[in-house]
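Here the structure is laid out as structure tokens; the discussion comes afterwards.
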């Protein structure tokens, strides 16, 4: 009987052990994992290429996280707009935003330079290096941290289109006294200084009608591929190019730090990787579209003019005056300006040797 009792106890322990093992190994898989749902406010209208890339971004996050991180995007002005996008992320109304720092430079004046400034970085790769791997990203995150906001580069539009106008424009003198739609901050201040015109920070939803009614005389709006779906070519006749005020325009992501810290480590890593993937996706796909779309603008009969050498000198002189005012008034702006210009000098010194060397007119290769 004693042997039977011992056998029964042994059998019970074996069953208990095996059952426990099955529970421990199967339990986590069987348990329903927590799903994190985020809202992301974009500054871009839904028709713009960067917003379309943003839709691809959230789908990739969903797949990579196995449905554990779901991000819903909202196009321009749907939840918050302009400077309100910053407040939305800070207050937790949205967990993320994607826009341009010119809109919220009122929070930190140094942000006025982050989106890009005239005669600043002139190349996509210089800007990418400085904000991803150089000192730029560290400085900006140091500024945003007290607000409970994390900052990341989002995409690099590079040189913007210029000014699309409903009147003939061949240079700066033609812009005097005109009302031009442009986002607030450094680019607008330089435009006003150089051309003696008015800069109106009209929100995207109102630009077309304002041009149509003559409330605006012209509009500055990202690149050719970003301008085309806005249908500005229907209400303008001329373009003066390129956008001297922003040769290296860069968008950004704002992230609520508390929401980010609540994510498991693997989801944080997925989000970080997806944001860098978005940078390449949005930047490269939009640039291909820009080349194609410029031809479409010309096909409509729109006249495309370029700044004269004399105008570029005036632009540079106006820029120097505005930079001096900003550096004198805003310590944060001065810090980023000096840091970025040191990097630009290093970049230029390197590419003085490793620059394009074609020289003269391009000679097409002939396949025999």
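The values are calculated or read from the model by the stated rules, or taken from the named source; none is laboratory data. Here the structure is a predicted model, which means the values were calculated and not measured. Quick reminder, even Gly has a Cβ in these numbers, built from the backbone with ideal geometry, and neighbours come from all protein chains shown.
Annotations
- Qualifying residue in the range 100-117 (condition: closer than 21 Å to residue 344 by Cβ, surrounded by fewer than 21 Cβ atoms within 10 Å (Cβ to Cβ) and in contact with a strand residue (DSSP E or B) (Cβ under 6 Å, 6 or more places away or on another chain)): no
- In the condition set (1) within 30 Å of residue 233 (Cβ to Cβ); (2) in a helix (DSSP H, G or I), residue 345 is compliant with all but (1).
- Considering (1) over 23 Å from residue 261 (Cβ atoms); (2) in a helix (DSSP H, G or I), the lone condition that residue 156 does not fulfil carries the number (2).
- Those residues of the range 140-175 which are in contact with a helix residue (DSSP H, G or I) (Cβ under 6 Å, 6 or more places away or on another chain) and more than 26 Å from residue 51 (Cβ to Cβ), in sequence order: 171, 172, 175
- Taken together, 83, 76 contain a single residue that is touching a strand residue (DSSP E or B) at 6+ places or on another chain (Cβ under 7 Å) and either modelled with pLDDT of 95 or more or under 15 Å from residue 252 (Cα atoms) (or both), which is 76.
- Failed criterion for residue 248 (all others in (1) in contact with a strand residue (DSSP E or B) (Cβ under 8 Å, 6 or more places away or on another chain); (2) closer than 23 Å to residue 101 by Cβ; (3) without any contact (Cβ under 8 Å) to a residue 24 or more places away in the chain hold): (3)
- Checking residue 254 against (1) within 20 Å of residue 53 (Cα to Cα); (2) touching a helix residue (DSSP H, G or I) at 6+ places or on another chain (Cβ under 9 Å); (3) part of a helix (DSSP H, G or I), the condition it does not meet: (3)
- Per-region count, the range 299-320, residues surrounded by 13 or more Cβ atoms within 10 Å (Cβ to Cβ), over 24 Å from the mean Cα position of the chain (by Cα) and in a helix (DSSP H, G or I): 7
- Flag for residue 133 being without any contact (Cβ under 8 Å) to a residue 60 or more places away in the chain and assigned by TED's automatic domain parsing to the domain that holds residue 77: yes
- Here residue 260 meets each of (1) in contact with a strand residue (DSSP E or B) (Cβ under 7 Å, 6 or more places away or on another chain); (2) under 21 Å from residue 83 (Cα atoms) with one exception, condition (2).
- Selected residue [surrounded by fewer than 24 Cβ atoms within 10 Å (Cβ to Cβ) and assigned to a strand (DSSP E or B)] from 122, 129, 150: 150
- Members of the range 235-251 found to be in contact with a helix residue (DSSP H, G or I) (Cβ under 8 Å, 6 or more places away or on another chain) and either under 12 Å from residue 297 (Cα atoms) or surrounded by fewer than 17 Cβ atoms within 10 Å (Cβ to Cβ) (or both), listed by number: 236, 239
- Filtering the range 162-178 to residues that are part of a loop (DSSP other than H, G, I, E, B) and within 11 Å of residue 305 (Cα to Cα) leaves 162, 168, 169, 170, 171.
- Residue within the range 49-66 that is part of a loop (DSSP other than H, G, I, E, B), in contact with a helix residue (DSSP H, G or I) (Cβ under 9 Å, 6 or more places away or on another chain), within 18 Å of residue 154 (Cβ to Cβ) and modelled with pLDDT under 95 present: no
- Residues of the range 76-102 that turn out to be over 21 Å from residue 259 (Cβ atoms) and either within 13 Å of the chain's Cα centre (by Cα) or without any contact (Cβ under 8 Å) to a residue 40 or more places away in the chain (or both), as a count: 2
- Candidate set: the range 212-231, residues that are in contact with a helix residue (DSSP H, G or I) (Cβ under 7 Å, 6 or more places away or on another chain) and assigned to a helix (DSSP H, G or I); chosen: the one nearest to residue 102 (Cα to Cα): 226
- Options 280, 284: the member that is assigned by TED's automatic domain parsing to the domain that holds residue 144, touching a strand residue (DSSP E or B) at 6+ places or on another chain (Cβ under 9 Å) and farther than 19 Å from residue 144 by Cα: 280
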